[in-house]
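Trainee: Let me begin by handing over the structure; questions about it come next.
The values are calculated or read from the model by the stated rules, or taken from the named source; none is laboratory data. Fair warning: this is a prediction, and the values are worked out from it, not measured in the lab. Methodologically, a virtual Cβ is constructed for each residue, glycine included, from the backbone with ideal geometry; neighbour enumeration extends over all protein chains shown.
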Amino acid sequence: MPLRLVTGPANAAKAGEVLGGLRARLDDEPILVVPTLGDVEHAQRELAERGAVFGARVLRFKWLFEEIAARVGYGQPVASDFQRELIVEEAVRRTDLRVLAESASQPGFTRAAARFVTELGRTRVDPPRPIPRRRYPRPRRPRRGTGPSPCGRCRRTTCRSP
């Protein structure tokens, strides 16, 4: 079944166009994707009022991705929101936070950090690669005996050795 995008200004009968097309293809078990839970309930009521109780599914985007994963056999376990918060809480506890130490001690930090990590995942922001401790190599020091001192054993310009 092809994907069909219906666009237009507000009150341009887009919902009627979408629901009419959905009812016409009930035998194909179409899926209508809407943004919010309220839209899901509204679309289901509209379909039911017009006799399309079975055959069509109305999903939010999150549910669509779960449906796609199920259809392709993707079975990796997914952490719940609560489990994700526990993971972030443990990571914060184990990490030596210098800049965020005071914020991390405040209530709500873990939940905010978990939401931030989730948002990064949604926007597909990958964490940076680890940065080595030294970005630039140390300058080479001259070997002993090649320094500027008169004795050649130290690096001082005024040597105190006998």
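Trainee: Of all residues being closer than 12 Å to T118 by Cα and in contact (Cβ under 8 Å) with a residue 12 or more places away in the chain in the range 76-103, which is surrounded by the most Cβ atoms within 10 Å (Cβ to Cβ)? Just the residue, please.
Mentor: V88
Trainee: Which helices (runs of 4 or more DSSP H) does the range 6-110 wholly contain that include 1 or more residues that are modelled with pLDDT of 80 or more?
Mentor: So the answer is 37-49, 61-71, 81-94, 101-104.
Trainee: Enumerate the pairs (first residue in the range 32-56 and more than 17 Å from E17 (Cβ to Cβ); second residue anywhere and surrounded by 17 or more Cβ atoms within 10 Å (Cβ to Cβ)) with beta-carbon separation below 6 Å, excluding pairs fewer than 6 apart on the same chain, so at least 6 apart or on different chains.
Mentor: The qualifying pairs are V40/V34; V40/V58; Q44/V58.
Trainee: Let me ask something else about it. Which residue, of G21, G51, G55, is surrounded by 11 or more Cβ atoms within 10 Å (Cβ to Cβ) and on the phi > 0 side of the Ramachandran plot?
Mentor: Answer to the check: G55.
Trainee: Inspect all residues belonging to the range 79-99 and state whether any of them is closer than 23 Å to G121 by Cβ and over 22 Å from the mean Cα position of the chain (by Cα).
Mentor: Of all residues in the range 79-99, those closer than 23 Å to G121 by Cβ come to 79-95, 97, 99.
Checking the rest, the ones that are also over 22 Å from the mean Cα position of the chain (by Cα) come to 99.
There is at least one residue in the range 79-99 that is closer than 23 Å to G121 by Cβ and over 22 Å from the mean Cα position of the chain (by Cα).
Trainee: Counting just the residues of the range 58-75 that are of a type outside the set (D, E) and under 30 Å from G108 (Cβ atoms), which one comes out surrounded by the fewest Cβ atoms within 10 Å (Cβ to Cβ)?
Mentor: In the first step, residues of the range 58-75 are kept if they are of a type outside the set (D, E); the result is 58-65, 68-75.
Next cut, under 30 Å from G108 (Cβ atoms) only: 60-63, 65.
Numbers: R60: 15, F61: 11, K62: 9, W63: 16, F65: 12.
Here the answer is K62.
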